[in-house]
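Novice: This is the structure I want to talk about, given as structure tokens.
The values are calculated or read from the model by the stated rules, or taken from the named source; none is laboratory data. Remember, it's a predicted structure, so these values are computed and weren't measured experimentally. Glycine also receives a Cβ, built like all others from the backbone with ideal geometry; neighbour counts cover every protein chain displayed. The area values use the complete protein model at the heavy-atom level, side chains included, leaving out ligands, DNA and RNA. Shrake-Rupley method; radii C 1.70, N 1.55, O 1.52, S 1.80 Å.
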Amino acid sequence: MGKLRPESVEWLASGHAERSRVFQNLPLFLWALLNCALGLSAQGPGEWTPWVSWTRCSSSCGRGVSVRSRRCLRLPGEQPCWGDSHEYRLCQLPDCPPGAVPFRDLQCALYNDRPVLGTQRTYQWVPFYGAPSQCDLNCLAEGHTFYHSFGRVLDGTACSPGAHGVCVAGRCLSAGCDGLLGSGALEDRCGRCGGANDSCLFVQRVFRDAGAFAGYWNVTLIPEGARHIRVAHRSRNHLALMGGDGRYVLNGDWAVSPPGTYEAAGTHVVYTRDPGPEETLRAAGPTSADLLLQVLLQEPNPGIEFEFWLPRERYSPFQARAQALGWPLRQPQPREVEPQPPAAPAVTPAQTPPLTPAFQARVLGRHRQAQETRYEVRIQLVYKNRTPLRAHEYVWAPGRCPCPLLAPHRDYLLAVQRLVSPDGTQDRLLLPHAGYARPWSPAEDSRIRLTALRCPV
């Protein structure tokens, strides 16, 4: 027998491998052919490849943009992949040295001394910020009254001087709390990016104690880790804030501080005082140390509202410390307080009729807490009410099950009980098992409007 030439062997081996691949992919080939012949489309979208690594920052100093990408793999007839093929994030490098030319100025300067506009004339170009699109490279001809757009600015260029947004693919985007541009991710009240307010608790109380003479009275301890702090009252008294070292942050030692922003416990405290007279304290937090809230009493206390959000693990220690703190007088200087008007006869809590607000609300979320369910709602419309309601409230349903069960993101008509403890430290909207909770509809709306007219109190 004759021998096969080497090139013949190589050809046979290649052909054999090719036939093997054909037979190996035959089911996929037949399936695609059948789909094409029958005019059918595959169900569902394609699949993404893994993200590639983030690119280097678009800037060598200051703030820039980094990007990563992925590809969509899909068979004939499959839908496109869901989601974006590119993600952008901010990258922060050390600040640029003094005198460094801004990024947009550099891009305009690239066209200096170059013929543009179809003539041989040349110009010196500087950024122009009065054009409609912030992410176009709009440059003004120095010494002239016209500007020219040279297309888009490079990714990572600031939308405008001092702005937080940066230009990416011709759009002005801001970074979410996850650092991704255009993600829209926000921190919840607990400080968690994209959270659902379930890792912290909301503390909301009214301090109603009134002393017999003037001085500094303890209102509450604001513990370490508190966020979204708000304190407000309307009287001629003054709020005072003391740090953990025993030094006053504001309104200490019988001296009234001017309104403004004060630094305390790692956060900025905004102090306002209106002629009303109304005083407020606000701080975003989180606090890095304990703060003591006090009131400098000059007249009977009509009530001081305070609220903040606290991590769950810090709530029990806060309760214990607040109870141990009590309400002792810090500086018992013998100064007279204006006399109180005669008080009405005392009524026991059991005899105090609860208030019954009726309103339309959208349920934003619910949380199981001990033997109760707490609903976070946004007030849409108030039908009947004798006490103020805020735009966002909490409605509590007692019992082992969330009864009635309110679905998030739906509107309801609610008639609840407002219960205030005798000492004024708890103020709650309570929805009992047999309470009025109906999905909103035009018929229900008419019914509750008629009821509110007949029973205005």
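Novice: Could you look through segment 278-330, keep only residues that are open to solvent by 30 Å² or more (accessible area, probe 1.4 Å) and polar (S, T, N, Q), and pick out the one that is modelled with the highest pLDDT?
Specialist: Out of the qualifying residues, it is Ser288.
Novice: Does Arg205 count as open to solvent by 70 Å² or more (accessible area, probe 1.4 Å), out of contact with any His (no Cβ under 6 Å at 6 or more places or on another chain) and either under 30 Å from Phe308 (Cβ atoms) or among the basic types (Lys, Arg) (or both)?
Specialist: Against the criterion (open to solvent by 70 Å² or more (accessible area, probe 1.4 Å), out of contact with any His (no Cβ under 6 Å at 6 or more places or on another chain) and either under 30 Å from Phe308 (Cβ atoms) or among the basic types (Lys, Arg) (or both)), Arg205 does not qualify.
Novice: Related question: Which one of these does Leu110 not meet: (1) without any contact (Cβ under 8 Å) to a residue 12 or more places away in the chain; (2) farther than 25 Å from Val166 by Cα?
Specialist: All conditions pass for Leu110, except number (2).
Novice: Identify, from the list Leu429, Leu419, the residue that is open to solvent by 40 Å² or more (accessible area, probe 1.4 Å), outside any loop (DSSP other than H, G, I, E, B), out of contact with any Phe, Trp or Tyr (no Cβ under 6 Å at 6 or more places or on another chain) and at pLDDT 75 or above.
Specialist: Leu419
Novice: Search segment 85-128 for residues being outside any loop (DSSP other than H, G, I, E, B) and among the hydrophobic types (A, V, I, L, M, F, W, C), and hand back the single one that is surrounded by the fewest Cβ atoms within 10 Å (Cβ to Cβ).
Specialist: Among them, the one singled out is Leu106.
Novice: Name the pairs: first residue in segment 441-457 and within 18 Å of Thr356 (Cβ to Cβ), second residue open to solvent by 90 Å² or more (accessible area, probe 1.4 Å) and modelled with pLDDT of 70 or more, Cβ to Cβ under 6 Å, at least 6 apart or on different chains?
Specialist: Listed by first residue and then by second, the contacts come to Glu444/Arg438.
Condition check ((1) at pLDDT 85 or above; (2) of a type in the set (S, T, N, Q); (3) more than 30 Å from Leu181 (Cα to Cα)) across all residues:
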| site | (1), (2), (3) |
| --- | --- |
| Ala42 | no, no, yes |
| Ser53 | yes, yes, no |
| Arg63 | no, no, no |
| Asp84 | yes, no, no |
| Pro97 | yes, no, no |
| Asn112 | yes, yes, yes |
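Novice: Further question on the same structure: Within segment 275-294, identify whether any single residue is acidic (Asp, Glu) and over 29 Å from Glu393 (Cα atoms), and answer yes or no.
Specialist: The answer is no; no qualifying residue exists.
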